[in-house]
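What follows is a short report on a single structure.
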Amino acid sequence: MFTVYAISSISRKYVYVGLTSDLEARLHRHNSGYGRTTKPYIPFELIFQKEFSTRSEAREFEKYLKKTNNGKRRFLGLR
């Protein structure tokens with residue numbers, strides 16, 4: 001199972017969209033400062049998750065969320 005997720009910085013205005021097969025471990029890595037992209041924005045809270053049976057399906061949805069403002073607005077509730 002693969003999960004597309006979005007996390008929001010609690011302290012700053014920043015949303016990160018990603019893909020993982022172990023959501024709990026990935027969230028721990030984000031909040032521990034292991035990710036170079038997300039480190040300046042910790043701590044995070046999970047705001048969205050959707051599971052897929054294949055990695056390719058998950059990757060397509062992740063790309064949709066990252067590349068379109070409509071995707072972010074529709075699925076993540078962002079303006």
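The values are calculated or read from the model by the stated rules, or taken from the named source; none is laboratory data. Treat the numbers as computed from the prediction; the structure is a model and nothing was measured. So basically every Cβ, Gly included, is an ideal-geometry build from the backbone, and we count neighbours across all protein chains shown.
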*Of everything in region 15-36 that's outside any strand (DSSP E or B), touching a strand residue (DSSP E or B) at 6+ places or on another chain (Cβ under 7 Å) and not aliphatic (A, V, I, L, M), which residue is surrounded by the fewest Cβ atoms within 10 Å (Cβ to Cβ)?*
S21
*For residues that are surrounded by 12 or more Cβ atoms within 10 Å (Cβ to Cβ) and of a type in the set (G, A, S), scanning just region 1-14, find the one that is nearest to the chain's Cα centre (by Cα).*
A6
*Subset of region 50-72 [at pLDDT below 95 and either in a strand (DSSP E or B) or within 14 Å of M1 (Cβ to Cβ) (or both)]*: F61
*Where N31 falls short, out of the listed (1) in contact with a Pro (Cβ under 9 Å, 6 or more places away or on another chain); (2) at pLDDT 95 or above; (3) closer than 21 Å to T68 by Cβ*: (3)
*Between residues in region 13-34 that are under 11 Å from T3 (Cβ atoms) and residues that are of a type in the set (A, V, I, L, M, F, W, C), which pairs lie under 6 Å by C-beta distance while being six or more apart or on different chains?*
L19/V4; L19/A58; S21/F2
